[in-house]
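Asker: Please find one structure pasted underneath; my questions will follow.
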Amino acid sequence: MERNVAILVILGSVISLVLAFVNIYLGGIAIIIFISLLMSLMIMKDTTDHPDIAVHLREDARAIILTNKGNARAEAIHGALVPLDIEFDIPSLDEDSTYEFPLTSMVEEIKVAITYKNEKGIPFSKSMMISSLEEEPDLLRPMIPVFKWKK
């Protein structure tokens, strides 16, 4: 076990036992709190060193913009534009940074296939269709519009 996890397990069991002798409900509450903290540590461990590259077209549809929205640097990025038979390589892309790949002409719809690695060498791949005619989704729009949602 890692040091942080071992400390949390030992500390959680000792505090839960002490509180269980005081009141059984307090011991149960402490166990639930420490289990949720342990689960949070495990989830945080799984999501480290994970680059996430998002691809979209520029407003005039003459360039493809790659944005690293992950929490690690993406390295050895290789992209392919499927109907145009164009391939490109980018050495690295830091977190929250963008790269713009210019196109020779406007495109209406295109499929982009991207492969990349994180700093540890773990490979990732992604492919998506991007279009200049469809709007980007409003992430703040509720599923059930209530109270006269903006139009």
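Asker: Arranged from highest to lowest average of other beta-carbon atoms within 10 Å per residue, in what order do the peptides 65-72, 3-10 appear?
Answerer: 65-72, 3-10
Asker: Let me confirm the definition first: pairs of Lys residues in the chain, 8 or more apart or on different chains, C-alpha distance under 21 Å. How many are there?
Answerer: 9
Asker: Over the stretch 1-56, calculate the relative contact order: mean separation of alpha carbon pairs under 8 Å at least 6 apart, over the residue count, as a percent.
Answerer: Across the stretch 1-56, relative contact order equals 29 percent.
Asker: Here's something else I'd like to know. If you take the square roots of the eigenvalues of the alpha-carbon gyration tensor of the stretch 84-151 and sort them as a ≥ b ≥ c, do you get rounded (a/c under 1.5), prolate (a/b over b/c) or oblate?
Answerer: Because a/c hits 1.5 or more and a/b fails to exceed b/c, the stretch 84-151 counts as oblate.
Asker: Here's another thing I want to ask about it. Rounded, prolate or oblate: pick one for the stretch 1-59, where a ≥ b ≥ c are the square roots of the eigenvalues of its C-alpha gyration tensor, a/c under 1.5 means rounded, and failing that, prolate if a/b is larger than b/c, else oblate.
Answerer: Note, shape of the stretch 1-59 comes out oblate.
Asker: In whole percent, and with a 1.4 Å probe on the protein chains, what portion of the accessible area of the stretch 1-69 is carbon and sulfur?
Answerer: That share works out to 71 percent.
Asker: Mean-square fluctuation check for the chain, GNM, Cα pairs under 10 Å: which of 92, 131, 105 is largest?
Answerer: 105
Asker: I'd like the antiparallel share, as a percent to the nearest 5, of DSSP beta bridges with both residues in the chain.
Answerer: 100
Asker: Pairing the Cα long axis of helix 3-22 with the longest principal axis of the chain, what angle in degrees results, from 0 to 90 and rounded to the nearest 10?
Answerer: Its long axis makes an angle of about 40 degrees.
Asker: While we're on this one: Just the number: Rg to Rh for the chain, Cα atoms, Kirkwood Rh, two decimals.
Answerer: That ratio equals 1.21.
Asker: For the chain, what is the accessible area per residue in Å², given a 1.4 Å probe and the full set of protein chains?
Answerer: 73
Asker: Remind me, relative contact order of the stretch 54-151 in percent, using alpha carbon pairs under 8 angstrom and six or more residues apart?
Answerer: Worked out over the stretch 54-151, it gives 27 percent.
Asker: Could the peptides 113-120, 38-45 be put in order, highest first, of the mean number of other beta-carbon atoms found within 10 Å of their residues?
Answerer: Averaged packing, sorted descending, gives the order 113-120, 38-45.
Asker: Going by alpha carbons, how many degrees (0 to 90, nearest 10) lie between the helix axis of 24-46 and the longest principal axis of the chain?
Answerer: With rounding to tens, the tilt is 30 degrees.
Asker: Take the chain, connect every pair of alpha-carbon atoms lying under 10 Å apart with a spring to form a Gaussian network, then pick out the residue of 22, 82, 55 with the largest mean-square fluctuation.
Answerer: Ranking 22, 82, 55 by mean-square fluctuation puts 22 first.
The values are calculated or read from the model by the stated rules, or taken from the named source; none is laboratory data. Values in this document were obtained by computation on a predicted structure and should not be read as measured data. When we count neighbours, we look across all protein chains shown, and the Cβ atoms used for this are built from the backbone with ideal geometry, even at glycine. When the accessible area is computed, the model is the full protein with side chains, heavy atoms only, and any ligands, DNA or RNA have been set aside. Shrake-Rupley method; radii C 1.70, N 1.55, O 1.52, S 1.80 Å.
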